[in-house]
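The values are calculated or read from the model by the stated rules, or taken from the named source; none is laboratory data. Remember, it's a predicted structure, so these values are computed and weren't measured experimentally. With ideal geometry, Cβ positions are generated from the backbone for all residues, glycine too; neighbour counts draw on all protein chains shown.
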Amino acid sequence: MDPTTVYAGARTLSRDAIKEAGKRLKALEKRDENKKLTDEAKNSYEELIYEMRGWLNEDENEDYVKSEDKETLLEELEAAEDWLYGDGSDLGYKEYQSKQYDLNVKYTPLKTRKAEHMGRQEGVPIILEKLQEERTAALELREKMPWVTEDEQQDLVDKIVETIQWIEDQLEEQAKKELSDDPVFTSDQIQAKLKKYDNLSKKIYGKKKPKEKKQKKPKEDEEKKKEQEEA
């Protein structure tokens, strides 16, 4: 006989009831997930409001934002906070994410101005000094690696000079701007220039010295050797 399962005192559910229970369970899981996403998005937006307000009020950051822009932004942050605790207190996570994106569009350029200024002060002088050293080494390259052609050496020197000139031109234009203006150039642009030079440099400095060809012994020596072996 086939084994039969007996449920003592238990009510079995029909196939349709089980299906409906599964749907309700998924709906509850989705509700919980949405609540989690909403809480995270709301908290993240609130944190951004506090962070941006603190940044704007720091004395060390006042050079990177115009006074009139600062006042406007502080007013916008106050309005955003009022909205968050008022009309926007019970909305979906997408609404908070959208608000955060809009605020970041205004906040990110301010932080970028500061970061790029610090990078110019600390990093650019070191880069220029290194490039000058690389230029000197490139001018003496064929003395140490005579198998490098004159054209290859000149290409390397030209690329270094071009990179130095580009940086100096950018610095000259940057000097005409205020720190509260967006930077004329960025550290990423410098790195892109350096990468082009670095690729060429690796190619040329990595050029291996050609192997010396073995000189063939004169035929006369070979004949003498043969005669000695036969003797």
By residue number, the members of segment 141-168 that are under 18 Å from residue 207 (Cα atoms) and surrounded by 11 or more Cβ atoms within 10 Å (Cβ to Cβ) are 141, 142, 145, 148, 149, 152, 153, 154, 155, 156, 157, 159
Condition set in contact (Cβ under 8 Å) with a residue 24 or more places away in the chain and polar (S, T, N, Q), scope segment 159-207, selection nearest to residue 64 (Cα to Cα): answer is 180
Checked 13, 91 against criteria (surrounded by 12 or more Cβ atoms within 10 Å (Cβ to Cβ) and either modelled with pLDDT under 90 or not hydroxyl-bearing (Ser, Thr, Tyr) (or both)); the one match is 91
Do the conditions hold for residue 171, that is, is it surrounded by 12 or more Cβ atoms within 10 Å (Cβ to Cβ) and closer than 30 Å to residue 209 by Cβ? no
Those residues of segment 114-134 which are surrounded by 14 or more Cβ atoms within 10 Å (Cβ to Cβ) and either under 15 Å from residue 166 (Cα atoms) or of a type in the set (Val, Ile, Thr) (or both) amount to 120, 124, 127, 128, 131
Going through segment 142-168 in order, the residues found to be aliphatic (A, V, I, L, M) and more than 24 Å from residue 192 (Cβ to Cβ) are 145, 148
Taking segment 105-154 and keeping residues of a type in the set (Ser, Thr, Tyr) and part of a loop (DSSP other than H, G, I, E, B) leaves 149
Checked 60, 71 against criteria (surrounded by fewer than 14 Cβ atoms within 10 Å (Cβ to Cβ), under 22 Å from residue 46 (Cα atoms) and assigned by TED's automatic domain parsing to the domain that holds residue 33); the one match is 71
Reported set for segment 38-54 where residues are of a type in the set (Phe, Trp, Tyr) and either closer than 15 Å to residue 95 by Cα or in contact with a Leu (Cβ under 7 Å, 6 or more places away or on another chain) (or both) is 45
